[in-house]
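Asks: Before I ask anything, let me first share the structure, which is written out below as structure tokens.
The values are calculated or read from the model by the stated rules, or taken from the named source; none is laboratory data. Quick caveat, the model's predicted, so the values are computed rather than measured. Because the Cβ atoms are built from the backbone with ideal geometry, glycine has one as well, and the counts that use them run over all protein chains shown. Please note that ligands, DNA and RNA were not included when accessible areas were found on the heavy atoms of the full protein model with its side chains. Shrake-Rupley method; radii C 1.70, N 1.55, O 1.52, S 1.80 Å.
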Amino acid sequence: MNEKVKLFAHRGVSGEYPENTMAAFKAAVEMGADGIELDVQLTKDGQVVVIHDETINRTTNGIGYVKDFEWKQLRRYDAGSWFDPLFINERIPLLEEVLELVKDRNPHMLMNIELKNDLLEYPHLEEKVLEIVNKLEMKEQTIISSFNSESLVKVNQLDPTIETAFLFAGIPTDIMTRIKTLPIQALHCEASFAQSIIGRKIRDMGMPLRVFTINSLEEFTLLKKEKVPVIITDYPHIFLNNL
Ligand code: G3P
Ligand code: MG
């Protein structure tokens, strides 16, 4: 049977709203995306916040590293105006706030939480994320992904029942070894991997390949032929009528 391709809104509907903000996540829910991909980092006082970069420079009106701010300082910055002045009231959300929103508005939505600990070390990020997911009782619909494979091992040690996915760019030469040694249930990869010989072989072994970041119908059509189960996109609406 041909399963419908699922759409995950990358950083929320980040093509049309400021990425990783409540506005972008609300749009994903309202648009009917199957899932949301978001990125998490840790503040100085150990709060899990939703932001892609290690610094707030690109996506807020402030400057500095997320890890150097306490949450009460960080929440003062405007995380929307850089995208459009219309979004002046957007703030960097807490992971918990986003999960509450999703649980409230679409309890079946899939959540892909990307641990952004590949450049900086965030002590106990894994524990903190799992604690929040469990508090909201959303484990069954959550996928934890990361470029940091050691962090995925930690997640699995903390809770072997939560889904983990290894995230990577390009076509790594050691990917077969990774698959055999890491406690993962899926790969999050680029289109080039899904269309490669090794990618197809891994797919045929039964490992789901979720592909980022797909923003054109041409690419989408090619990936459908590869039987990709999920695409991660900044513009879910482009594809909603073409599944
Ligand atoms: O999770 C897929 C994708 O988000 C990984 O890259 O840099 O957009 O977080 P990035
Ligand atoms: Mg990401």
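Asks: Measure off, as a whole percent, the carbon and sulfur share of the 1.4 Å-probe accessible area of the chain, all protein chains present. Could the numbers behind the result be given before it?
Replies: On the way: 5650 of 11350 Å².
Using a 1.4 Å probe with all protein chains present, the chain comes out at 50 percent carbon and sulfur.
Asks: Mind ordering 174-184, 55-65 by average Cβ neighbours within 10 Å, highest first? Provide the component values of the computation, followed by the final result.
Replies: Numbers: 174-184: 13.8, 55-65: 16.0.
Those peptides, ordered most packed to least, come out 55-65, 174-184.
Asks: Here's another thing I want to ask about it. Report the number of Lys pairs in the range 117-243 whose alpha-carbons are under 30 Å apart, with separation of 8 or more residues or on distinct chains.
Replies: Lysine pairs satisfying the spacing and distance rule in the range 117-243 number 18.
Asks: If Rh is defined by the Kirkwood formula over all Cα pairs and Rg also comes from Cα, what ratio Rg/Rh do you get for the range 65-114?
Replies: On the way: Rg = 13.2 Å, Rh = 12.6 Å.
Radius of gyration relative to Kirkwood radius: 1.04.
Asks: Give the Debye-formula value of log10 I(q)/I(0) at each listed q (0.15 Å⁻¹), with one equal scatterer per alpha carbon of the range 121-243, two decimals each.
Replies: One equal scatterer on each Cα of the range 121-243 leads to -0.74.
Asks: At a 1.4 Å probe radius, which order do Tyr122, Tyr235 fall into by accessible area, largest first? Spell out each step's value before the answer.
Replies: On the way: Tyr122 15, Tyr235 75 Å².
From most accessible down to least: Tyr235, Tyr122.
Asks: Let me test this: with uniform point scatterers at the alpha carbons of the range 46-174, what is the Debye-based log₁₀ I(q)/I(0) at q = 0.09, 0.15, 0.22 1/Å?
Replies: Log-scaled intensity ratios, in q order: -0.29, -0.79, -1.35.
Asks: Order the peptides 205-214, 218-227, 13-22 from the highest to the lowest mean number of other Cβ atoms within 10 Å of their residues.
Replies: Working: 205-214: 18.8, 218-227: 14.6, 13-22: 23.2.
Ranking the peptides 205-214, 218-227, 13-22 by packing returns 13-22, 205-214, 218-227.
Asks: Based on alpha-carbon positions alone, could you give the equivalent ellipsoid semi-axes of the range 184-243 from the gyration tensor, as √(5λ), descending, whole Å? Walk me through the intermediate numbers first.
Replies: Numbers: eigenvalues 79, 25, 18 Å².
Sorted largest first and rounded, they come to 20, 11, 10 Å.
Asks: Still on this model: Dividing the Cα radius of gyration by the Kirkwood radius, what Rg/Rh value follows for the chain? Before the final figure, lay out each step's value.
Replies: Numbers: Rg = 17.3 Å, Rh = 18.2 Å.
In the chain, Rg relative to Rh is 0.95.
Asks: Can you work out the accessible area per residue across the range 180-243, with the rest of the protein chains kept in place, probe 1.4 Å, in square angstrom? Please list the in-between numbers first.
Replies: Working: 3080 Å² over 64 residues.
That works out to 48 Å² for each residue.
Asks: Taking the Cα atoms of the range 84-140, what is the range of coordinates along each of the three principal axes, in descending order and whole Å?
Replies: Taking the Cα atoms of the range 84-140, the three principal extents are 35, 30, 15 Å.
Asks: Right, another one. Expressed in nm to one decimal, what extension gain is obtained for the pair Lys201 and Glu16 from 0.36 nm per residue of sequence separation less their Cα-Cα distance?
Replies: Working: separation 185, 0.36 × 185 = 66.60 nm, distance 3.55 nm.
Length gained, Lys201 through Glu16: 63.0 nm.
Asks: Nearest 10 degrees is fine. How inclined is helix 149-158 to the longest principal axis of the chain, computing both from alpha carbons?
Replies: 80 degrees
Asks: Another question about this same structure. Could you check the spin-label model distance between Asp45 and Lys224? Points 7 Å from the Cα along Cα→Cβ, value in nm.
Replies: According to this spin-label approximation, the distance is 4.9 nm.
Asks: Over the range 83-238, what is the relative contact order in percent, taking alpha-carbon pairs closer than 8 angstrom and at least six residues apart?
Replies: That works out to 15 percent.
Asks: Kindly provide the helix-only [θ] at 222 nm of the chain, computed as the sum of -39,500 (n - 2.57) over DSSP H runs of four or more divided by all residues, to the nearest 500 deg cm²/dmol?
Replies: Numbers: 10 runs with 79 residues, N = 243.
The helix-only estimate for the chain comes to -8500 deg cm²/dmol at 222 nm.
Asks: Rounded to the nearest 5, what % of the DSSP beta bridges within the chain are antiparallel ones?
Replies: Numbers: 5 of 35 bridges.
Bridges in the chain are about 15 percent antiparallel.
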